[in-house]
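Some notes on the structure that comes next.
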Amino acid sequence: MALNYVWISFFVIAFIVALYQLIFEGNTEVFAKMMTSTFENSKTGAEIAIGLTGVMTLWLGIMKIGEKAGMIEKFAKFVNPLFSRLFPQVPKKAPAMGSVVMNFSANMLGLDNAATPLGLKAMKELQELNPQKDTASNPQIMFLVLNTAGLTIIPTSVMAVRLAMGAANPADIFIPTMIGTFISFMSGMIAVAAYQRINLFRLPVLVFIGGFLLLMYGLYAWMHTMPSEDIATYTAMIGGLIIFSVIILFLVAGARRKINVYEAFIDGAKEGFTTAVMIIPYLVAILVGIGVFRVTGCLDFITNGIALLVGWMGLNTDFVPALPVGIMKTFSGGGARGLMIDLMKPENYGPDSFVGRLACIMQGSTETTFYVLALYFGSVNIKKTRHALACGLIADVVGVIAAIIIGYIFFH
């Protein structure tokens, strides 16, 4: 129901603001812009889903091979000590656990194209275990919120944009972003655990947290002296090597078990096509709502209000120009990326300014919560999202605040 009220609010608030602009400010173009936005975002929603079709067809086909070859079960067994604590209602040998861990692995490497179909596969398998098909289960909410927290070890795309914008050291946001995304991930995990009364003070969970902190330090020690071009090269190499190794592993395992891997791939690929078509209405709904909210200036109003409040409290407001990136990222990854690039233009703040760097940290430390909710829940026809939105927004808010603090510590 929370997503329902938020979606209605987008339209009602946008309409009231537009009406005010028309009557009191004489803005005769505002409603025309709103209508144009609805058409453009409807088209964008369908294009996103169609664009996902090929990638989903490929990866769900590969996942079907891995499932029939028994590799998904082995993945699930390996991560069971940790994920059995986070997903206590999922059976130990359920295929969903393997899909969940592979989705998180792709996300951590910044491989969005691979992560999305794997995540949709995981949601479908979790839905098979869900006794109430129209209501989000506890495991689905935990999985989705951890996805919206967007744990990323290597912010490949953000560093690539900084390189293109002429940053002196495009990788200087590498460590700050890694810290920010980890804090966001932990806040989402704690929020869901509090709602679902999951005890996180267990050895496997503490080992994971300690291991991740150790991994961050190891990556820093290895990469902090490298030229930025080498970091981009190595991160791309690591990501590609891991993902393609998984494909080869599944194919070889399937061949050893004497299954017809080609037919298994086709069976899984058909699921990818069906899922891509199913999510179109959900994407169109959320993107149109976000579009009219943005085009009427409501997002700018929120940002300016925060700036006044922070200034009234006597705090430094240098972070405010970058704040729209953090707010927009909750709604639209593409919109946030556009704002980030705009801030890094030489005529604005530049890529090596405090604002430019902070915008990049925000872009890498948060996730598109509303988009992810619409995409993942829409793929399995979930209508009642329970506490998923609240926990996802908690992770986003903490992630933005953490990014601001980290930005001040590293670059101010």
Legend entry - Stretch gain in nm, segment residue 237-residue 53, where the contour uses 0.36 nm per residue and the Cα spacing is subtracted: 63.7 nm
Inset, instruction - Assuming R0 = 35 Å, can you tell me the calculated FRET efficiency for the pair residue 169 and residue 302, based on Cβ-Cβ distance, to the nearest 0.05? - result: 0.60
Inset, instruction - Give me the distance in nm between label points sitting 7 Å out from Cα along the Cα-to-Cβ direction at residue 342 and residue 258, one decimal. - result: 6.3
Legend entry - Carbon + sulfur, % of accessible area of the stretch 119-188 - ligands and nucleic acids excluded, 1.4 Å: 63
Inset, instruction - Using only alpha carbon pairs under 8 Å that are at least six residues apart, calculate the relative contact order of the chain and give it in whole percent. - result: 29
Legend entry - Of 43/93; 33/133; 43/64; 92/270, those spanning more than 29 Å from alpha-carbon to alpha-carbon: 43/93; 33/133; 43/64
Legend entry - Whole-Å semi-axes of the ellipsoid equivalent to the chain (Cα gyration tensor, √5λ, descending): 35, 27, 21
Inset, instruction - Translational diffusion coefficient, Stokes-Einstein: compute it for the stretch 26-90 using the Kirkwood radius over C-alpha pairs as Rh, at 25 °C and 0.890 mPa s, and state it as an integer in µm² s⁻¹. - result: 153
Inset, instruction - Would you mind telling me the share, in percent, of accessible area of the stretch 1-83 contributed by carbon and sulfur at probe 1.4 angstrom? - result: 70
Inset, instruction - Highest first, please rank the peptides 346-357, 30-41 by the mean number of other Cβ atoms sitting within 10 Å of their residues. - result: 346-357, 30-41
Legend entry - residue 5-residue 36 pseudo-label distance in nm [points 7 Å out on the Cα-to-Cβ vector]: 3.5
Inset, instruction - Please calculate how many Å² of accessible area the chain carries per residue, with a 1.4 Å probe and no DNA, RNA or ligand atoms counted. - result: 45
Inset, instruction - Measure nothing fancy, just the Cα-based angle from helix 174-196's long axis to the longest principal axis of the chain, in degrees from 0 to 90, nearest 10. - result: 80
Inset, instruction - May I have the pair-distance distribution P(r) for the stretch 165-300, computed from all Cα-Cα distances with 10 Å bins from 0 and rounded to whole percent? - result: 8, 18, 22, 35, 15, 1
Legend entry - Charge-dipole axis of the chain as Lys and Arg at +1 and Asp and Glu at -1 on Cβ define it, positive-most pick from 290, 343, 14: 290
Legend entry - Whole-number D in µm² s⁻¹ for the stretch 293-412, Kirkwood Cα-pair radius fed into Stokes-Einstein, 4 °C, 1.567 mPa s: 86
Legend entry - Label point distance in nm, residue 29-residue 12, each placed 7 Å from Cα along Cα→Cβ: 3.0
Inset, instruction - With r as the distance between the Cβ atoms of residue 409 and residue 199 and R0 = 30 Å, compute the FRET efficiency 1/(1 + (r/R0)^6) and round to 0.05. - result: 0.40
Legend entry - Rg/Rg_ref, the stretch 285-326, where Rg_ref = 2.2 N^0.38 Å and atoms are Cα: 1.37
Inset, instruction - At q = 0.12, 0.22, 0.28, 0.31 Å⁻¹, what is the base-10 log of I(q)/I(0) for the stretch 120-177 according to the Debye formula with one equal point scatterer per Cα and no solvent? Please give it to two decimals. - result: -0.49, -0.81, -1.08, -1.20
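The values are calculated or read from the model by the stated rules, or taken from the named source; none is laboratory data. Quantities reported herein were computed from a predicted structural model and do not represent experimental measurements. Every residue, glycine among them, receives a Cβ derived from its backbone with ideal geometry; neighbour counts consider all protein chains shown. Heavy atoms of the whole protein, side chains included, go into the accessibility calculation; ligands, DNA and RNA do not. Shrake-Rupley method; radii C 1.70, N 1.55, O 1.52, S 1.80 Å.
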